[in-house]
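The next block holds one structure in the form of structure tokens; read it before the comments.
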Amino acid sequence: MAIISIIGRLFRRSIDKTVKDIIYIKIIKTIQVVNLNKGEIMGCKCCSTSNISKDTKVCPLCHSKSEKVGEKTVLSLLKEENYDLVGNQEFYYCNNQDCDLIYFSENTIFYKKDLKITVDDKACFCFDISKEEVEKEGKDKVLDKIKANMKSTGCSCDVKNPSGKCCMNQIEKDY
Ligand SMILES: [Zn+2]
């Protein structure tokens, strides 16, 4: 009898644990959804906190509102011959697809042709997903693919995406 009651107690404990796990997972999922709603992407460690930038300037070419971008991003994407022009300046990123300009500071302007990569055809720079693919596959499928890739290999938006930020908010907004 004693053995049965011990087994019974253990069984109950394991059920309790399962219930606790389910509640825990639900809480985590809720937090994730709340964070997504705030515009923060879970799993994107390099840029989750930097998605909302209040530091903006107007692009001197197209007059679009342009957010500040880190030097690390600018240096990672410029062709080597432009490195000397970067200096110790604050750069802003023009996100207008129709504008030829990509980065500007008080004294320096870089155009899309000054970058090592092509910009206008890509939706996700970390995992090389084209805009065409998003149009074909649909945004939800592509976002799921990006999330899965983030989990397995991790992203590096700060050195691959010209904005220095995660592409997911942009994809969410554009499609
Ligand atoms: Zn511009």
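For every residue, the table says whether it meets (1) within 13 Å of Pro162 (Cβ to Cβ); (2) out of contact with any Ser or Thr (no Cβ under 6 Å at 6 or more places or on another chain).
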| position | (1), (2) |
| --- | --- |
| Val74 | yes, yes |
| Cys94 | yes, no |
| Asp98 | no, yes |
| Val119 | yes, yes |
| Lys131 | no, yes |
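Here's the yes/no breakdown for (1) at pLDDT below 95; (2) more than 17 Å from the chain's Cα centre (by Cα); (3) under 13 Å from Val74 (Cα atoms):
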residue: Tyr92; (1), (2), (3): no, yes, yes
residue: Gln97; (1), (2), (3): yes, yes, no
residue: Asp100; (1), (2), (3): no, yes, no
residue: Glu137; (1), (2), (3): no, yes, no
residue: Lys151; (1), (2), (3): yes, no, no
residue: Pro162; (1), (2), (3): no, no, yes
Would you be able to tell me the number of residues in segment 106-124 that are part of a helix (DSSP H, G or I) and surrounded by 14 or more Cβ atoms within 10 Å (Cβ to Cβ)?
-> 2
Report the residue count in segment 82-101 for those that are outside any loop (DSSP other than H, G, I, E, B) and under 9 Å from Cys59 (Cα atoms).
-> 3
Could you check Gly164 against (1) buried (at least 21 other Cβ atoms within 10 Å of the Cβ); (2) assigned to a helix (DSSP H, G or I) and say which number it fails?
-> (2)
Can you name every residue in segment 72-126 that is within 13 Å of the ligand (Cβ to nearest atom), hydroxyl-bearing (Ser, Thr, Tyr) and out of contact with any Phe, Trp or Tyr (no Cβ under 7 Å at 6 or more places or on another chain)?
-> Tyr111
Taking the residues in segment 55-81 that are acidic (Asp, Glu) and not in a loop (DSSP other than H, G, I, E, B) as candidates, determine which candidate is surrounded by the most Cβ atoms within 10 Å (Cβ to Cβ).
-> Glu67
Within segment 72-103, track down each residue that is touching a strand residue (DSSP E or B) at 6+ places or on another chain (Cβ under 8 Å) and either free of Cβ contacts under 8 Å to residues at least 12 places away in the same chain or among the acidic types (Asp, Glu) (or both).
-> Glu90, Asp100
Condition met for Tyr103 (touching a helix residue (DSSP H, G or I) at 6+ places or on another chain (Cβ under 7 Å), of a type in the set (Ser, Thr, Tyr) and loosely packed, with under 13 Cβ neighbours inside 10 Å) | no
Do we have Lys173 as over 14 Å from the mean Cα position of the chain (by Cα) and not aliphatic (A, V, I, L, M) here?
-> no
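The values are calculated or read from the model by the stated rules, or taken from the named source; none is laboratory data. Given the structure is predicted, the values throughout are model-derived calculations rather than measurements. Note that each Cβ is placed from the backbone with ideal geometry, even for glycine, and that neighbours are counted across all protein chains shown.
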